[in-house]
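The values are calculated or read from the model by the stated rules, or taken from the named source; none is laboratory data. Just so you know, these numbers come straight off a predicted model, no measurement behind them. Ideal geometry is used to build each Cβ from the backbone, glycine not excepted, and the neighbour counts take in all protein chains shown.
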Amino acid sequence: MMIARRVDVRRERPNQRFEAAGARRLRNESFFSAPQLKRDPLGSDMTEQELSDIESRVRAATPGPWQSFIEDRDHESGSNFIKTQGKDIELLGATDADQDFIAHARQDVPRLVEELRRLRREHTAK
C-alpha cells in the first residue's frame with residue numbers, strides 16, 4: 001500500500017525535504033552526503049579505479065589529435081565540427097567554447113592523467 005503525503009510548499013523551508021532525506025545544508029545550497037573515499041596523499045579524492053576508468057574511456061575514443069573548426073573563425077562556409085583521425089564530429093546546440101573544450105579534452109585528458117600518475121609515483125618514492 002502506498003501512502004502519499006501532501007506537502008504545503010509555502011510553509012516548508014527550502015531544502016527541508018532534501019535535509020530529511022540525508023542531505024546537509026551549506027550556505028543555502030543542498031549537498032548530498034557521499035561515502036568518504038580513501039584520500040590520496042596528494043590531496044586528490046580520485047581513486048585508482050576512477051583513474052583507470054578515465055584511461056579506459058580515453059583508449060576507447062577515436063585517436064587524437066582532435067581539432068575544433070568554427071565557421072567564420074576557422075573557415076568561411078559549412079558547419080562547425082571537430083576534425084578527428086576518424087569521422088568528423090558535428091555537435092548540435094554546443095557553444096563555440098563547448099566545442100573547443102570537447103576537442104581539446106581529447107589531448108588534455110591523457111596528459112592530465114599521466115601528470116597525476118607521475119606525481120603519485122614521485123610522492124610514493126619519497
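Residues in the range 65-108 that are surrounded by 13 or more Cβ atoms within 10 Å (Cβ to Cβ) and among the basic types (Lys, Arg): LYS83, ARG106.
Give me the residue from the range 67-126 that is of a type in the set (Val, Ile, Thr) and modelled with pLDDT of 95 or more and, out of that set, farthest from ASP53 (Cα to Cα). I'd like the intermediate steps shown before the answer.
Keep residues of the range 67-126 that are of a type in the set (Val, Ile, Thr), which gives 70, 82, 84, 89, 95, 102, 109, 113, 124.
Then keep just the ones that are modelled with pLDDT of 95 or more; that gives 70, 82, 84, 89, 95, 102, 109, 113.
On the way: ILE70: 31, ILE82: 24, THR84: 22, ILE89: 23, THR95: 27, ILE102: 18, VAL109: 12, VAL113: 11 Å.
Going through the qualifying residues, I end up with ILE70.
For the range 73-80, does any single residue satisfy the condition of being in a strand (DSSP E or B) and either without any contact (Cβ under 8 Å) to a residue 60 or more places away in the chain or within 19 Å of the chain's Cα centre (by Cα) (or both)? Within the range 73-80 (the criterion being in a strand (DSSP E or B) and either without any contact (Cβ under 8 Å) to a residue 60 or more places away in the chain or within 19 Å of the chain's Cα centre (by Cα) (or both)), the answer is yes, since at least one residue qualifies.
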